[in-house]
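Accompanying notes for the structure given below.
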Amino acid sequence: MKIATWNVNSVKARLPRVLEWLDEFKPDVALLQEIKTEDHSFPALEIETLGYKIATHGQKSYNGVAILSRHPMAITQTGLPGDDTDDHARFLEAIISPEDTSITPVRVATIYLPNGNPSQDETGAKSDKYRYKLKWMDRLIKHTEKLLKTDEAFVLGGDYNVCPTDGDVYDPRAFANDALCRPETRMRFRTLLNLGLTNAFRVFNNQPNVYSYWDYQRGAWAKDNGLLIDYLLLSPEAADRLLDAGIDKKPRGREKASDHTPVWCTLAPGI
């Protein structure tokens, strides 16, 4: 089962690129972020034509996540638990159950973690946006703890808006106080991993300065001035099935591309 995550930065604006990638790369499951559209206006027909079932948790103009699957799926969670007042569309979870019973089902979640910038207000204290980011990460940690108790294979994929180390950002000094790199952010990401999750890409590539995001400004793509902020985090049961993982840079180099590029992994059928 090939699973990929991709922040598409508006599924409507990027639809030709999305359709192109789905047709060429053919992931079994695609976890999308920043679809920037409400559920009713998601371009379902065009994507269904390529053989995908679709689940969305959309929002007008901002945020929004979706799951595309070649296999039957059942939605298990819309919105991240822990705060009933949070109306941002940033989390969607489902169980993928292939009709081929030799393939063990896998739970997936598509995650668009808050950016959190600017991280400070005019007084130098943590900004409201940054406090929201940290609280959101705390909620994700609690939810992951519950998922781990099920002993299921699951994959938490998405745009985490975290650079875990200085090697994941092209200019660590410039980003030292950025919400993606601040110690409080990195500490929570380490806490999440230390629950027992595996960063799929890092199993196969531990090199620094390998990125999944390049800003549209200042020639970042051409200069390879990027950030690694998109991840597929696997439960122990999913990690046992991990065969391969990588970053597909091809979509970022095309016309009218998203500023992110897909990150993917392949899982064995199961035991």
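Overview of values
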{"quantity": "Helices (runs of 4 or more DSSP H) contained entirely in segment 134-236, each with at least 2 residues that are under 22 Å from Pro251 (Cβ atoms)", "calculated": "200-204, 220-223"}
{"quantity": "Residues located in segment 218-241, provided they are among the polar types (S, T, N, Q) and free of Cβ contacts under 8 Å to residues at least 60 places away in the same chain", "calculated": "Asn225"}
{"quantity": "Restricting segment 151-199 to residues that are polar (S, T, N, Q) and in contact (Cβ under 8 Å) with a residue 12 or more places away in the chain, the residue that is farthest from Lys2 (Cα to Cα)", "calculated": "Asn177"}
{"quantity": "Residue list for segment 125-153, restricted to those being closer than 18 Å to Gly79 by Cα and touching an Asp or Glu at 6+ places or on another chain (Cβ under 8 Å)", "calculated": "Leu134, Lys135, Trp136, Arg139"}
{"quantity": "Any hit, segment 30-47, residues being within 24 Å of Glu152 (Cα to Cα) and surrounded by fewer than 24 Cβ atoms within 10 Å (Cβ to Cβ)", "calculated": "no"}
{"quantity": "Segment 35-60, residues that are within 19 Å of Leu113 (Cβ to Cβ) and in contact with a Lys or Arg (Cβ under 9 Å, 6 or more places away or on another chain)", "calculated": "Ile35, Lys36, His57, Gly58, Gln59"}
{"quantity": "Residue in segment 242-253 that is touching a residue at least 40 places away in the same chain (Cβ under 8 Å), in contact with a Gly (Cβ under 6 Å, 6 or more places away or on another chain) and under 25 Å from Leu148 (Cα atoms) present", "calculated": "no"}
{"quantity": "Filtered residues of segment 215-257 (kept if among the basic types (Lys, Arg) and within 17 Å of the chain's Cα centre (by Cα))", "calculated": "Lys249, Arg252"}
{"quantity": "Out of Asn117, Asn225, Asn161, sole residue that is touching a helix residue (DSSP H, G or I) at 6+ places or on another chain (Cβ under 7 Å) and either β-branched (Val, Ile, Thr) or within 21 Å of Asp259 (Cβ to Cβ) (or both)", "calculated": "Asn117"}
{"quantity": "Within segment 246-271, considering residues that are part of a helix (DSSP H, G or I) and of a type outside the set (Lys, Arg), the one surrounded by the most Cβ atoms within 10 Å (Cβ to Cβ)", "calculated": "Pro251"}
{"quantity": "Criterion: closer than 17 Å to Val155 by Cα, buried (at least 16 other Cβ atoms within 10 Å of the Cβ) and not basic (Lys, Arg) - qualifying residue of Leu197, Leu228, Leu243", "calculated": "Leu197"}
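The numbers here are math on the coordinates, done by the rules we state, and not lab data. Just so it is clear, the model here is predicted, and its values are computed rather than measured. Here the Cβ is made from the backbone with ideal geometry for all residues, glycine too, and neighbour counts use every protein chain on show.
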